[in-house]
Each structure stands twice: as structure tokens, then as C-alpha cells.
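Okay, structure first, notes after.
Readers should treat all values here as calculations from the given coordinates under stated rules, not as data from a laboratory. Predicted model, so just to flag it, every value in this text is computed and none were measured. Positions of Cβ are backbone-derived with ideal geometry, glycine not excepted, and every protein chain shown enters the neighbour counts.
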Amino acid sequence: MRERKRKRREFVWGVRGGGARNPATKKILAGFAVAALGLGILSPSAAAATDPVPTVKPTSSISQLRGGDGCEECVKRYIKKYGKGPKGDRGPAGPRGVAGPAGKAGPRGPEGKAGTSGIAGPAGKDGADGATGPQGPAGPVGPPGISELEYVEASDSIPANSANGQVSVVATCPAGKQPIGGGVFLNAQGDTNTDKYGLAISSPTTAKDGWLGFAWAKNLPSRLDVTTHAICAKVA
């Protein structure tokens with residue numbers, strides 16, 4: 001510690017008192033003075049007494065601590081031997097720089113997991129009717145039908161006061177046709193005593209060519225008219 005103080009006093013004396021008369025030595029000492037001034041080792045008043053030391057502001061940049069001929073290595077050796085001064089205060093932040101260009105788009109990330117199903121929405125309105133489609137193919141032939149319907153009738157009667165009167169009346173269909181229905185109508189001339197007359201048979205004939213009506217009358221005071229009807233048609 002004492003050795004460092006002694007050398008510092010010698011350095012200051014050499015600068016102030018002009019101890020170095022050689023021009024090269026004066027340049028080296030001037031460089032040391034600049035470095036000492038920037039590092040806080042030498043006061044500005046002491047540095048002003050040197051020649052040719054330029055007036056500079058204290059700084060930590062080696063490039064601004066050069067003497068008359070810029071002895072940068074001298075400054076470095078001095079700092080290495082005697083050390084640096086205390087660290088100065090931090091300067092204010094500089095202005096914000098211009099934004100750089102946008103970088104390239106990164107690679108596409110992996111596909112995320114499928115989300116949960118949402119709630120079903122309300123049912124939509126019925127759409128408009130579509131256009132009529134083309135006609136379909138003809139269907140198969142149906143079962144045999146009937147054609148050429150025709151009504152046929154026949155009449156007969158039982159005389160009045162017949163003790164055991166009977167009559168059979170057949171309504172016969174034309175050739176090629178057969179009965180598909182029929183019936184018998186009885187007319188007792190207004191007498192409503194059905195205990196004295198009646199209908200015994202009303203059905204197709206055995207040969208299926210007409211309709212049969214069979215009636216009777218017993219001591220009926222009036223004539224009994226019997227009319228048989230047949231509904232005839234061609235059956236395929």
C-alpha cells in the first residue's frame with residue numbers, strides 16, 4: 001500500500017515539477033495523466049499542470065485516454081499495474097432504437113385435441129316441396145276383375161187363396177256372364193200377414209248362370225207376385 005502511494009506521489013511530482021525533460025518521456029507521462037484523470041487517480045487541477053496533456057472529460061473508454069501521440073499501450077500497462085478507479089454512475093438510458101424487420105413465420109404447431117360437442121340447435125323449418133319425380137314403371141297385372149255389368153229380372157205369381165201355393169222364379173244371365181249378386185221381391189198386394197206367405201230361397205243357381213227365387217203362399221186372400229233380380233257381369 002505504501003509503495004503504491006509513493007509511486008503515485010512520484011508520478012504527480014514528475015508531472016507538476018517537470019521532472020521529465022525528455023520529450024518522449026513527457027509524452028508517456030502525458031498519456032498516464034490522461035488515464036489517471038479518467039480513472040479518478042489524478043485530479044483535474046494536477047492534470048492541467050502537465051504539458052502537452054489535452055483537456056478531456058473522465059471516461060472509461062481507452063480510446064479517449066490517449067496523450068499527444070496516443071500511447072494506448074502505456075495506459076493499459078498503467079491500469080494493469082495500479083488498477084482502475086471507482087466505477088462511475090450509470091448513465092441515462094439511450095433512445096429506443098428503430099424496430100427491426102419482422103422475423104419469418106415459425107413452423108405450424110401440432111393439431112389440438114378435438115373439443116367437446118356443442119348443444120344441438122333447434123330444428124329447422126320444413127323445406128319447400130321438391131319437383132315431381134318421373135313416372136314409375138308399370139305395376140304387375142292385378143287379379144281377374146269384372147266388366148260389362150248387367151241387371152236381369154224375372155217374375156211369376158201364386159194365385160189368391162191357394163191352399164199350398166209355391167213358385168220358383170229364375171233370372172238368367174246372358175251367355176258369357178255370371179251372377180255376382182241378386183235378390184227376390186215379394187208383393188202381396190198390401191196384405192201384411194206374413195204368416196200366410198214368405199220367401200224360402202234367394203241364391204245363385206247351381207249352374208252359376210243366374211239367380212233363383214223360391215216363394216210360398218197358403219190361403220192368402222190376394223195374389224202373391226214374385227220378382228227375382230240378378231246382377232250379371234263378365235268375370236275374367
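Considering the conditions (1) part of a loop (DSSP other than H, G, I, E, B); (2) at positive phi; (3) not aromatic (Phe, Trp, Tyr), ILE119 is excluded by exactly one of them, (2). Please find, within region 142-167, the residue that is surrounded by the fewest Cβ atoms within 10 Å (Cβ to Cβ) out of those that are assigned to a loop (DSSP other than H, G, I, E, B) and touching a Lys or Arg at 6+ places or on another chain (Cβ under 8 Å). It comes out as ALA163. Annotation: of all residues in region 179-199 being part of a strand (DSSP E or B) and crowded, with 18+ Cβ neighbours inside 10 Å, the one that is farthest from the chain's Cα centre (by Cα) is TYR197.
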